[in-house]
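Before any comments, here is the structure.
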Amino acid sequence: MSSLNSSSDTLTFWDTVKAADEANYLLAASVYTTKSGSTTNNCGIVQGHAYTILSAFTMNETSGTSHKMYLIRNPWGITNYTEDWYHADSKWTDGLAAQVPLGIDPRTSKNDGIFVLPENLLQGTNCISSIQIGHLRDNESYV
């Protein structure tokens, strides 16, 4: 497991998010916009909105190919995500869907607002603008 407290510069973005997920930190994503209303971006994701990252995980195909993925939920309970690994993507097999955490089948979770986003669409695209990682320190006092 990667450590979030590491002073190493070798941690990748994926390592950081994955370690935060494994440490049960709160994970969120958001999509910036300058437009008003409920417009969607090129990925079919509502702009000007926040999302929960339920998990960062890896799926492995029988061929040996692995895919770094994020399980994301729209709190509105709907999703229109349309890029790679969307709910009706032909790449989904029973074996790959079974590797999605929390017992969620991404082929049927659209109406719950849950979708799977591959790592390559998180960074350097307009699908998601930012990721937030939050945690509560045990030694802090809050009133």
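Can you list residues whose amide H is under 5 Å from Thr40's amide H, if they're 5+ apart or on another chain and H is modeled 1.01 Å from N?
Long-range HN contacts for Thr40: Gln47.
At a Cα cut-off below 18 Å, give the aspartates and glutamates reachable from Lys18, other chains included and same-chain residues fewer than 8 away excluded.
Partners within reach: Asp9, Glu119.
Using the Karplus curve 6.51 cos²θ - 1.76 cosθ + 1.60 with θ = phi - 60°, work out ³J(HN,Hα) for each residue of the range 71-78 in order, rounded to whole Hz, and write x for Gly and Pro.
Each residue's phi maps through the Karplus curve to give 9, 10, 10, 8, x, 6, x, 9 Hz.
Classify the chain as rounded, prolate or oblate from the Cα gyration tensor: take a ≥ b ≥ c as the square roots of its eigenvalues, call it rounded if a/c is under 1.5, otherwise prolate when a/b beats b/c and oblate if not.
Oblate shape, in that a/c is at least 1.5 and b/c is the bigger or equal ratio.
What ranking do Met69, Met59 get, fewest neighbouring Cβ atoms within 10 angstrom at the top?
Met59, Met69
What is the set of long-range amide H partners of Ile114 at a cut-off below 5 Å, with H atoms built 1.01 Å from backbone N?
Asn74
Quick one: 3J(HN,Hα) in Hz for the range 17-34, Karplus 6.51/-1.76/1.60 with θ = phi - 60°, rounded, Gly and Pro as x.
5, 4, 5, 5, 5, 5, 8, 6, 6, 6, 10, 9, 9, 9, 10, 7, 7, 10
Label-point separation (nm) for Thr12 and Ala97, each offset 7 Å from Cα along Cα-to-Cβ?
Computed distance between label sites Thr12 and Ala97 equals 2.8 nm.
Take Arg73, Arg137, Arg107 and order them by how many other Cβ atoms sit within 10 Å, fewest up front.
Arg137, Arg107, Arg73
If you put +1 on each Lys and Arg Cβ and -1 on each Asp and Glu Cβ, how big is the dipole of the chain around its Cα centre, in Debye rounded to 20?
It works out to roughly 360 debye.
Excluding residues fewer than 8 places away in the same chain, name every one of the lysines whose C-alpha is closer than 17 Å to that of Lys110.
Lys91
Under 5 Å between amide H atoms, partner at least 5 residues away or on a different chain: which partners does Ser129 have, H built in plane at 1.01 Å?
For Ser129, whose amide H was placed from the backbone, the distant partners under 5 Å are Ser30, Val31, Tyr32.
Go through Val46, His135, Ala56 and say which Cα lies farthest out towards the positive end of the charge dipole of the chain; charges sit on Cβ, +1 for Lys and Arg, -1 for Asp and Glu.
Val46
Where a number appears in this text, it was derived from the coordinates with a stated rule and is not lab data. Only a predicted model underlies this, so the values are computations on that prediction, with no experimental measurement involved. Reconstructed Cβ throughout: ideal geometry from the backbone, glycine too, with neighbour counts over all protein chains shown.
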